[in-house]
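Every read-out reported here was derived from the displayed coordinates using simple, explicitly stated rules and does not represent laboratory data. Every value quoted in this text rests on a predicted model; they were computed, and no experiment measured them. As a convention, Cβ positions derive from the backbone with ideal geometry for all residues, glycine included, and neighbour counts pool all protein chains shown.
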Amino acid sequence: MTTKITSLYVHVPFCSGRKCAYCDFFSLPYREEEGEQYLTALAADISLTVATAPVGSLHTLYLGGGTPTSLTPAQLEKLLTLLFSSFDREEKEWEFTVEISPETLTAEKLSLLKEGGVNRLSIGAQSFDDRILAAMGRRHRAVDIFRAYELARKAGFASISLDLIYGFPGQSCANWEKTLATAISLAPEHLSVYCLQVEPDTPLSAKIEAGILTPHPQEEEAAMYYLAVDKLTAAGYQLYELSNLARPGFFCRHNLTYWYNRPYLGLGPGAASWYNGYRRTRIADLNAYSQGLAAGIIPVSEEEYIDRETEMAETIILNLRLTRGIDLTAFSQRFGVDLLQKYKATVEKYIQAGLLELKEGYLRLTRQGLFLSGEVMRDFLP
Ligand code: SF4
């Protein structure tokens, strides 16, 4: 039986200016004509996709990027209308998140989003230190975050997440602690804390290669990670995934779809989908994306068949990201396989190393294993 897709991701490939120094997501500086080009191509992508993909009534919709709010109010309205005229939604389950970059937010855009069914905002704050924000190449400063946050609350948004990054060269533990304290004082419902990843071919990697910036050693990154976990849990947030914390009832259900390894659809240039056994990534190039769709083809840059063995390994890796771990009963019902038997050697190796533990029918990372999860996960791959 085909599993219906109930989670949709839509990639909006624009940001409000030059790219952040560390970013390797597909995004272009926003230009109004390209915004129109994107919307035309997206409409064609939707109609071709819904004709073939097993899309059910949506439970979660996530508008990411890029910066969706770099579109004009008229374009945002067009996008919301397009989405709602194309997909059904499950009212009782409904979670609709939009990623926000603080400098792009206005009261007008917020009210459009609210009226358009958006009920969760994810604000890319990253830091409350202007010096760090400038070094990151962000286009906002701390004051913009406060302003965006206040506008969002005034507009009636009751579910707000803040994204924060730690481990930026030059950022001290004390500086990170201040950012955490400021985030806590705002009282968002959800927080994502990401360790800086140095991606190749970014201005950040060029500065590191040239010796202008020095990355933190892994022990310092680990110290910043556990500092965040401890400060935020002490403030009442629950660490439910390696990098995500929330107040009760505010876990990100869209991202849980990925971590449970359930099917999802991704639309827009650069977006990935997984359903009917295939993972497909749409081409990360706006012109090629538009031209393909104008010719009646969905331009895909990568297509991979995910066989049963790979799906099993990916489910383990994604489930391990959740602090509750892998539900061993659910795993055996899904795959007809006893995980502890099949991966006996790997499981025993990491239990002995103190990185994994078995508790009440779940296999999960220990506190020590949280920061070293990559090492454990790699060992489950076929
Ligand atoms: S706002 Fe986000 S998507 Fe845009 S350049 Fe910065 S990190 Fe990349």
Q. Cα centroid distance between segment 217-239 and segment 347-372, in Å?
A. 18
Q: Stick to the Cα atoms of segment 98-167, pair each with every other, and give me the Kirkwood hydrodynamic radius in Å at one decimal.
A: 12.2
Q) Quick one: how many lysine pairs in the chain have C-alpha atoms under 30 angstrom apart, if they're 8 or more apart or on different chains? A) 27
Q) When the Cα atoms of the chain are enclosed in a convex hull and the volume is divided per residue, what value in Å³ results? A) 145
Q | Spacing of the two label points (7 Å from each Cα toward its C-beta) at residue 219 and residue 375, in nm | A | 1.4
Q.
I'd like the FRET efficiency for residue 150 and residue 92, computed as 1/(1 + (r/R0)^6) with the beta carbon distance as r and R0 of 35 Å, rounded to 0.05.
A. 0.70
Q) Which order do 98, 143, 229 fall in if you start with the one that has the fewest other Cβ atoms within 10 Å? A) 143, 229, 98
Q. For segment 227-277, what is the largest minus smallest coordinate of the Cα atoms on each principal axis, given in angstrom and ordered from greatest to least?
A. 41, 20, 15
Q. Cysteines without a disulfide-compatible partner in the chain, using Cβ under 4.7 Å as the rule?
A. 15, 173, 195, 252
Q.
As a test of the formula, what do you get for the chain when each DSSP H run with n ≥ 4 contributes -39,500 (n - 2.57) and the sum is divided by the residue count, at 222 nm and rounded to the nearest 500 deg cm²/dmol?
A. -12500 deg cm²/dmol
Q.
Just to be sure I understand the curve: with the Debye formula and one point per C-alpha of segment 177-312, what is log10 I(q)/I(0) at q = 0.12, 0.13, 0.20 Å⁻¹?
A. -0.79, -0.89, -1.11
Q) Could you list log10 I(q)/I(0) for segment 326-378 at q = 0.19, 0.28 Å⁻¹, which the Debye formula gives when each Cα is one point scatterer? A) -0.63, -1.15
Q: Take the Cβ-Cβ distance between residue 77 and residue 340 as r, set R0 to 51 Å, and report the resulting FRET efficiency rounded to the nearest 0.05.
A: 0.45
Q: Report, to two decimal places, the Cα Rg of segment 140-250 normalised by 2.2 N^0.38 Å (N = number of residues).
A: 1.16
Q: Report the semi-axes of the equivalent ellipsoid for segment 15-165 in whole Å, largest first, where each axis is √(5λ) for an eigenvalue λ of the Cα gyration tensor.
A: 27, 19, 14
